[in-house]
Amino acid sequence: AGMLRVVAALLLAVAAAGEQESPPGSRFVCTSLPLEAAGAGCPLPPVPMQGGALPPEEELKATVLQLRETVLQQKETIGSQREAIRELTGKLSRCEGADGKSAAGAWKNEVGKGKDTMGDLPRDPALVIEQLSRTMQTLKDRLESLEHQLRANVSYATLPGDLRDVLQRRLGDLERQLLSKVAELEDEKSLLHNETSAHRQKTETALNALLERVSELEKGNSAFKSPEEFKVSLPLRTNYLYGKIKKTLPELYAFTVCLWLRSSASPGIGTPFSYAVPGQANEIVLIEWGNNPIELLINDKVAQLPLFISDGKWHHICITWTTRDGMWEAFQDGEKLGTGENLAPWHPIKPGGVLILGQEQDTVGGRFDATQAFVGEMSQFNIWDRVLKAEDIMNIANCSFNMPGNIIPWVDNNVDVFGGATKWPVETCEERLLDL
């Protein structure tokens, strides 16, 4: 019990000494600490072991000695903290003297992050250290960024002027070469597109012509052995039996018309064919009317032909004409029987008219006159846009070869019949020759 009183007296003495050494107006703040921190900062006196070898008086003496050492250590710590506080207080005083209260307020706002410190120093040194660390890291990052930009600018700025000029010229040359190559590729692309379009157009034209020819052959074969082996029969002299050519004529400066015909009508065989255009119903007409000889009309101008074809036999006749001096020729069964000139000289045949078989037109495509109608049969009506040679006409007439007209060919699907006119298979060319 006596030893316990001594320990209590020593503790009171330590507390009194702490109070005497504390500056006036200061206060103690108690903060809860974890056990690890408490154990590191303030070591507790060892608890006497129960049943130890030492007697109780010796254990108390040892405890007192340890408490004395602890008190001395606390006094040294307090002294060092007092020196640090004096140093910080002096620095703060100098700052306040230099910048006034605004500097102090800025310090409080920066360190305390808006906390009201009531003019005292920050109570938690860890916050000050953390804030200083963040500020130092920010300044370090900004410094590194500035150094990086400075190195980049200095490295470019320190390039020799000649080297920069060389680089710029090289870049300009490469850019021009690239633009030239792009323009060249564009030109090649355009040229290839044009060539492809032209080739495609030619191919389509050829295919269309082939399809048309195939269609003509298919339609012709449906009724006759071949599309040209047929004849048109006009047995009565009326104003409503006729045939019509579907195709029309282009503008012509010369032509050759050939056909096979058989007729015994009288007086005159009538009109084997007529071509009328707007404004001129008698653009081209072949007619034997009444007791008149067979006549050729071009633009309503007339030439009499020395042909004799009304004996009821098959005859092959050809007529040629050219606008140069209006020259004409007449062939019967391959032989030239007559020629002349001044038949509508320098008059081109107008395009876009109507071509009729067996009737004479008073208007385009109509107003037929029964007295001028053809009575009989006809076949192989062909028109060329040139004057055929005499030997070609002879070869066609004697059946040496078949030569369709390049303007109007004799094919089944190009001839329509009306009013009772009919299409029939025609005798062979050799049979027609035997009929002469």
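The values are calculated or read from the model by the stated rules, or taken from the named source; none is laboratory data. This structure is a prediction, so every number in the text was calculated from the model and none was measured. Cβ sites come from the backbone with ideal geometry, for glycine too, and all protein chains shown count toward neighbours. Surface accessibility is based on the protein's heavy atoms, side chains included, excluding ligands, DNA and RNA. Shrake-Rupley method; radii C 1.70, N 1.55, O 1.52, S 1.80 Å.
Taking the residues in the range 336-366 that are in contact (Cβ under 8 Å) with a residue 24 or more places away in the chain and loosely packed, with under 14 Cβ neighbours inside 10 Å as candidates, determine which candidate is nearest to Phe273 (Cα to Cα). Checked the range 336-366; the qualifying residue nearest to Phe273 (Cα to Cα) is Thr363.
Only residues that are open to solvent by less than 40 Å² (accessible area, probe 1.4 Å), in a helix (DSSP H, G or I) and of a type in the set (Gly, Ala, Ser) were counted across the range 387-436, and they come to 1. All told, Asn402 meets the bar of being touching a strand residue (DSSP E or B) at 6+ places or on another chain (Cβ under 9 Å) and over 21 Å from Leu337 (Cβ atoms). Under 6 Å between Cβ atoms, at least 6 apart or on separate chains: pull out the pairs that start in the range 401-424 with a residue that is farther than 22 Å from Pro351 by Cβ and end on any residue that is open to solvent by less than 60 Å² (accessible area, probe 1.4 Å) and part of a helix (DSSP H, G or I). As it stands, the answer is Phe401/Asn395; Met403/Ile396; Asp412/Gly220, since those pairs meet every condition given.
The residue of the range 247-290 that is most open to solvent (accessible area, probe 1.4 Å), among those that are farther than 22 Å from Trp424 by Cβ and of a type in the set (Ser, Thr, Tyr), is Tyr253.
Quick one: would you say Ser379 is among the small types (Gly, Ala, Ser) and in a strand (DSSP E or B)? When the stated conditions are applied, Ser379 passes them.
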